[in-house]
Amino acid sequence: LMIVVGIMVILAGMLIGSLPGIQSRVNRNKVETFIAELESGLSKYQIDHGSYPLNEPTGDRDSAGVEGAAVLYKHLSGDWDLDGEVDFEKNEKVYVPKLDYESNREAREPRAMSIGGKYMVIDSYSNPIRYLAQVPNLPPNQKRETYNPTYDIWSITDADPKKTDESAKYITNWQG
């Protein structure tokens, strides 16, 4: 009986030791799924409006990307006056259902929240989803700051955005 209890204690210890890694993987999968939903919403937005919402990179790429979280919220949630509710009286359309007020209010893990007075799209780690988009046809003398010709969207997950060596932890829509 002691041997069986000892084996169970060892197995329980191994399980408890692996739980943080499992939870991290679950959160990463949630972020990857949510970014796919955002990309789908951006495609629908592009079909309706002819272009993606613009968020030109200015200065620090990460800071501009955080500003892009507010741009994403505004364009994909239908909340143009940023009061937390869809502007149905102006016939605004919700492109990502998880961003509308009712879905977000009832959600166990909200996908948008007010940070510093601005509504932003957030990931499973409660960090703003980063977004940059430049016009598709840049003048020849202007350098493209985005990795994709359409838009860059990424989550820093649990990495520190100030440390460039942790960028491998990011979940992105580009390779590299």
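The values are calculated or read from the model by the stated rules, or taken from the named source; none is laboratory data. This structure is a prediction, so every number in the text was calculated from the model and none was measured. Cβ sites come from the backbone with ideal geometry, for glycine too, and all protein chains shown count toward neighbours. SASA here: full protein model, heavy atoms, side chains in, ligands and nucleic acids out. Shrake-Rupley method; radii C 1.70, N 1.55, O 1.52, S 1.80 Å.
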Task: Members of segment 26-51 that are over 18 Å from Arg111 (Cα atoms) and either open to solvent by 90 Å² or more (accessible area, probe 1.4 Å) or modelled with pLDDT of 90 or more (or both) - done: Ser43, Lys44, Tyr45, Gln46, Ile47, Asp48, His49
TODO: Sort out which residues of segment 111-147 are farther than 19 Å from Gly78 by Cβ and among the polar types (S, T, N, Q), and write them in order of number.
DONE: Ser124, Ser126, Asn127, Gln134, Asn137, Asn141, Gln142, Thr146
Open item on the list: What pairs come out if I take residues in segment 12-27 that are at negative phi and pair them with residues that are surrounded by 10 or more Cβ atoms within 10 Å (Cβ to Cβ) and acidic (Asp, Glu) whose C-beta lies under 9 Å away, six or more apart or interchain?
Closed with: Ser24/Asp158; Asn27/Asp123; Asn27/Asp158
Open item on the list: Can you find a residue that is aromatic (Phe, Trp, Tyr) and outside any helix (DSSP H, G or I) anywhere in segment 30-46?
Closed with: no
- [ ] Select from segment 123-135 the residues that are in a loop (DSSP other than H, G, I, E, B) and closer than 17 Å to Gly59 by Cβ and list them in ascending order.
- [x] Gln134
Task: Complete set of residues in segment 52-63 that are crowded, with 17+ Cβ neighbours inside 10 Å and within 18 Å of Leu76 (Cβ to Cβ) - done: Tyr52, Pro53, Asn55
- [ ] Please determine, by comparing only the residues of segment 105-122 that are open to solvent by 40 Å² or more (accessible area, probe 1.4 Å) and in a strand (DSSP E or B), which one is modelled with the highest pLDDT.
- [x] Tyr119
Open item on the list: Can you go through Asp81, Asp87 and tell me which one is of a type in the set (Asp, Glu), without any contact (Cβ under 8 Å) to a residue 24 or more places away in the chain and surrounded by 14 or more Cβ atoms within 10 Å (Cβ to Cβ)?
Closed with: Asp87
TODO: For Gly68, state whether it is in contact with a Leu (Cβ under 7 Å, 6 or more places away or on another chain), of a type outside the set (S, T, N, Q) and within 19 Å of Pro136 (Cα to Cα).
DONE: yes
Task: Ile16 being more than 21 Å from Ser124 (Cα to Cα) and part of a helix (DSSP H, G or I) - done: yes
TODO: Tell me which residues, restricted to segment 136-169, are modelled with pLDDT of 85 or more, within 17 Å of Val31 (Cα to Cα) and either part of a loop (DSSP other than H, G, I, E, B) or open to solvent by 40 Å² or more (accessible area, probe 1.4 Å) (or both).
DONE: Ile156
